[in-house]
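The values are calculated or read from the model by the stated rules, or taken from the named source; none is laboratory data. Here the structure is a predicted model, which means the values were calculated and not measured. Cβ placement follows ideal geometry from the backbone for every residue including glycine, while neighbour counts extend to all protein chains displayed. Side chains included, ligands, DNA and RNA excluded: accessible areas come from the protein's heavy atoms. Shrake-Rupley method; radii C 1.70, N 1.55, O 1.52, S 1.80 Å.
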Amino acid sequence: GGVYGSSYVPAEQSGPWCSGICRGGEWCPGGTQQPLRCTPGSYCPPGSSVPQPCPSKTFGNGTSLTGVADCVDCIRGHACAIGSVVPEPCSTGTYQDLLRQEECKRCETGKYQDAPEATACIDCAPGHWCSFGQKTKCKSDTYNPLPNAAMQTNCTRCPERTTTHRRA
(Lines give C-alpha, C1' and ligand atoms only; values in the text may rest on other atoms or scores of the structure.)
Protein backbone atom coordinates (compact mmCIF):
# COMPACT_ATOMS: atom_id res chain seq x y z
CA GLY A 1 0.00 0.00 0.00
CA GLY A 2 0.89 3.66 -0.07
CA VAL A 3 1.40 3.73 -3.85
CA TYR A 4 -1.00 3.86 -6.79
CA GLY A 5 -0.94 3.03 -10.48
CA SER A 6 -2.61 1.50 -13.49
CA SER A 7 -2.67 -2.08 -12.21
CA TYR A 8 -5.10 -3.54 -9.66
CA VAL A 9 -2.56 -6.22 -8.73
CA PRO A 10 -0.78 -5.15 -5.52
CA ALA A 11 2.51 -6.83 -6.56
CA GLU A 12 2.59 -4.67 -9.70
CA GLN A 13 2.04 -1.48 -7.68
CA SER A 14 5.76 -1.39 -6.90
CA GLY A 15 6.79 -2.23 -10.47
CA PRO A 16 6.87 -0.28 -13.73
CA TRP A 17 3.07 0.17 -13.69
CA CYS A 18 3.26 2.23 -10.50
CA SER A 19 2.40 5.90 -11.01
CA GLY A 20 3.91 7.04 -7.72
CA ILE A 21 3.81 7.32 -3.98
CA CYS A 22 0.56 8.54 -2.53
CA ARG A 23 0.73 12.30 -1.84
CA GLY A 24 0.18 13.81 1.60
CA GLY A 25 -3.54 14.20 2.34
CA GLU A 26 -4.35 11.03 0.38
CA TRP A 27 -4.15 7.32 1.10
CA CYS A 28 -3.63 4.36 -1.18
CA PRO A 29 -4.65 0.89 -0.02
CA GLY A 30 -3.09 -2.02 -1.93
CA GLY A 31 -4.23 -2.20 -5.55
CA THR A 32 -5.28 1.46 -5.75
CA GLN A 33 -5.54 3.03 -9.20
CA GLN A 34 -6.53 6.45 -7.86
CA PRO A 35 -5.52 7.85 -4.45
CA LEU A 36 -8.35 8.39 -1.94
CA ARG A 37 -8.79 11.69 -0.12
CA CYS A 38 -7.96 11.45 3.59
CA THR A 39 -11.12 11.26 5.72
CA PRO A 40 -12.21 13.83 8.35
CA GLY A 41 -10.88 13.03 11.82
CA SER A 42 -7.65 11.66 10.35
CA TYR A 43 -4.45 12.67 8.55
CA CYS A 44 -2.44 11.01 5.79
CA PRO A 45 1.30 11.64 5.44
CA PRO A 46 2.90 10.95 2.02
CA GLY A 47 2.91 7.20 1.25
CA SER A 48 -0.05 6.37 3.52
CA SER A 49 -1.77 3.03 3.03
CA VAL A 50 -4.36 3.87 5.75
CA PRO A 51 -5.52 7.15 7.33
CA GLN A 52 -4.11 7.88 10.81
CA PRO A 53 -6.68 9.10 13.38
CA CYS A 54 -6.17 12.50 14.95
CA PRO A 55 -4.96 11.90 18.53
CA SER A 56 -7.28 12.29 21.49
CA LYS A 57 -7.55 15.90 22.73
CA THR A 58 -7.59 17.10 19.08
CA PHE A 59 -9.95 17.00 16.10
CA GLY A 60 -9.71 17.12 12.32
CA ASN A 61 -12.78 18.53 10.56
CA GLY A 62 -11.19 18.86 7.14
CA THR A 63 -10.22 16.40 4.45
CA SER A 64 -6.73 15.96 3.05
CA LEU A 65 -4.88 16.62 6.33
CA THR A 66 -1.22 15.68 5.81
CA GLY A 67 0.15 15.40 9.36
CA VAL A 68 -0.68 15.31 13.06
CA ALA A 69 0.08 19.05 13.22
CA ASP A 70 -3.02 19.62 11.03
CA CYS A 71 -5.24 18.23 13.80
CA VAL A 72 -6.69 21.10 15.88
CA ASP A 73 -6.60 21.41 19.68
CA CYS A 74 -9.90 20.65 21.38
CA ILE A 75 -11.63 23.78 22.71
CA ARG A 76 -12.96 24.66 26.19
CA GLY A 77 -16.45 23.36 26.96
CA HIS A 78 -15.81 20.33 24.74
CA ALA A 79 -14.02 16.98 24.69
CA CYS A 80 -12.22 15.20 21.84
CA ALA A 81 -11.70 11.43 21.67
CA ILE A 82 -9.28 9.83 19.23
CA GLY A 83 -10.38 10.40 15.61
CA SER A 84 -12.80 13.25 16.44
CA VAL A 85 -14.18 15.12 13.44
CA VAL A 86 -15.63 17.92 15.59
CA PRO A 87 -15.34 18.65 19.34
CA GLU A 88 -18.07 16.95 21.42
CA PRO A 89 -19.91 19.56 23.56
CA CYS A 90 -19.92 18.92 27.30
CA SER A 91 -23.45 17.91 28.37
CA THR A 92 -25.48 19.47 31.17
CA GLY A 93 -24.03 18.66 34.57
CA THR A 94 -20.49 18.70 33.13
CA TYR A 95 -17.90 21.27 32.07
CA GLN A 96 -14.38 21.59 30.69
CA ASP A 97 -12.29 24.62 31.60
CA LEU A 98 -9.11 23.54 29.79
CA LEU A 99 -8.01 23.19 26.16
CA ARG A 100 -6.92 19.80 24.73
CA GLN A 101 -9.05 17.49 26.87
CA GLU A 102 -10.40 14.02 26.14
CA GLU A 103 -13.30 14.12 28.64
CA CYS A 104 -15.60 16.62 30.31
CA LYS A 105 -15.56 16.95 34.11
CA ARG A 106 -18.63 16.33 36.30
CA CYS A 107 -19.63 19.31 38.46
CA GLU A 108 -18.57 18.87 42.08
CA THR A 109 -21.24 18.47 44.75
CA GLY A 110 -22.91 21.72 45.71
CA LYS A 111 -22.60 23.01 42.12
CA TYR A 112 -24.55 22.48 38.90
CA GLN A 113 -24.54 23.27 35.20
CA ASP A 114 -27.77 23.38 33.17
CA ALA A 115 -26.27 24.44 29.84
CA PRO A 116 -24.15 22.44 27.38
CA GLU A 117 -20.63 23.53 26.31
CA ALA A 118 -19.91 24.94 29.79
CA THR A 119 -16.46 26.01 30.97
CA ALA A 120 -17.44 26.18 34.69
CA CYS A 121 -20.14 25.08 37.12
CA ILE A 122 -22.47 27.35 39.08
CA ASP A 123 -22.78 27.51 42.89
CA CYS A 124 -26.01 25.97 44.13
CA ALA A 125 -28.39 28.74 45.26
CA PRO A 126 -30.19 28.85 48.63
CA GLY A 127 -33.52 26.99 48.46
CA HIS A 128 -31.93 24.21 46.35
CA TRP A 129 -29.52 21.29 46.62
CA CYS A 130 -27.13 20.21 43.87
CA SER A 131 -25.72 16.78 43.17
CA PHE A 132 -24.27 15.12 40.05
CA GLY A 133 -24.28 18.53 38.33
CA GLN A 134 -28.08 18.95 38.62
CA LYS A 135 -29.99 21.56 40.65
CA THR A 136 -33.10 20.49 42.58
CA LYS A 137 -35.49 22.81 44.42
CA CYS A 138 -36.20 22.00 48.09
CA LYS A 139 -39.56 20.26 48.55
CA SER A 140 -42.65 22.15 49.66
CA ASP A 141 -42.51 23.24 53.32
CA THR A 142 -38.73 22.78 53.47
CA TYR A 143 -36.02 25.38 53.02
CA ASN A 144 -32.27 25.79 52.78
CA PRO A 145 -30.84 29.23 53.56
CA LEU A 146 -27.26 28.35 52.57
CA PRO A 147 -25.55 28.14 49.16
CA ASN A 148 -23.75 25.06 47.81
CA ALA A 149 -26.02 22.47 49.45
CA ALA A 150 -25.12 18.99 48.23
CA MET A 151 -27.93 16.77 49.60
CA GLN A 152 -31.70 16.82 49.94
CA THR A 153 -31.20 16.54 53.71
CA ASN A 154 -29.74 20.08 53.60
CA CYS A 155 -33.35 21.21 53.06
CA THR A 156 -34.95 21.34 56.52
CA ARG A 157 -38.61 21.40 57.51
CA CYS A 158 -40.10 24.84 58.05
CA PRO A 159 -40.64 25.82 61.72
CA GLU A 160 -44.08 25.05 63.18
CA ARG A 161 -46.91 27.26 61.81
CA THR A 162 -44.77 28.43 58.83
CA THR A 163 -44.72 27.38 55.21
CA THR A 164 -42.91 27.98 51.95
CA HIS A 165 -46.24 28.82 50.24
CA ARG A 166 -46.86 32.51 49.64
CA ARG A 167 -50.24 34.08 50.25
CA ALA A 168 -51.71 36.49 47.75
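If you take the Cα atoms of the chain, find Rg, then find the Kirkwood Rh from the mean of 1/r over all pairs, what is Rg/Rh?
Working: Rg = 27.3 Å, Rh = 19.5 Å.
My calculation puts Rg/Rh at 1.40.
Express in nm, to one decimal, how much length is gained between residue 33 and residue 98 on full extension, taking 0.36 nm for each residue of separation and deducting their alpha carbon distance. Please report the intermediate quantities before stating the final value.
On the way: separation 65, 0.36 × 65 = 23.40 nm, distance 4.42 nm.
Between residue 33 and residue 98, full extension yields 19.0 nm more.
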For the residue 61, residue 91 Cβ pair and Förster radius 22 Å, calculated FRET efficiency rounded to 0.05 is 0.60
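Can you tally the lysine pairs in the chain where the Cα-Cα distance is under 24 Å and the two residues are eight or more apart, or on different chains?
Numbers: 57/105; 105/135; 105/137; 111/135; 111/137; 111/139.
For the chain, the number of qualifying lysine pairs is 6.
Rounded to the nearest whole Å², what accessible area per residue is found for the chain with the 1.4 Å probe? Before the final figure, lay out the partial values.
Values: 9980 Å² over 168 residues.
Ligands and nucleic acids excluded, the result is 59 Å² per residue.
Leaving ligands, DNA and RNA out of it, report the carbon-plus-sulfur percent of the accessible area of the chain at a 1.4 Å probe.
Values: 5350 of 9980 Å².
Carbon plus sulfur share of accessible area: 54 percent.
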Pair residue 82, residue 108: separation of 7 Å Cα→Cβ label points (nm): 3.2 nm
What distance in nm separates the two pseudo spin-label positions at residue 73 and residue 139, each 7 Å out from Cα along the beta-carbon direction? 4.8 nm
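Could you please put 108, 160 in sequence from largest to smallest accessible area, using a 1.4 Å probe? Mind dumping the intermediate values first?
Details: 108 100, 160 155 Å².
Reading off the accessible areas and sorting them downward yields 160, 108.
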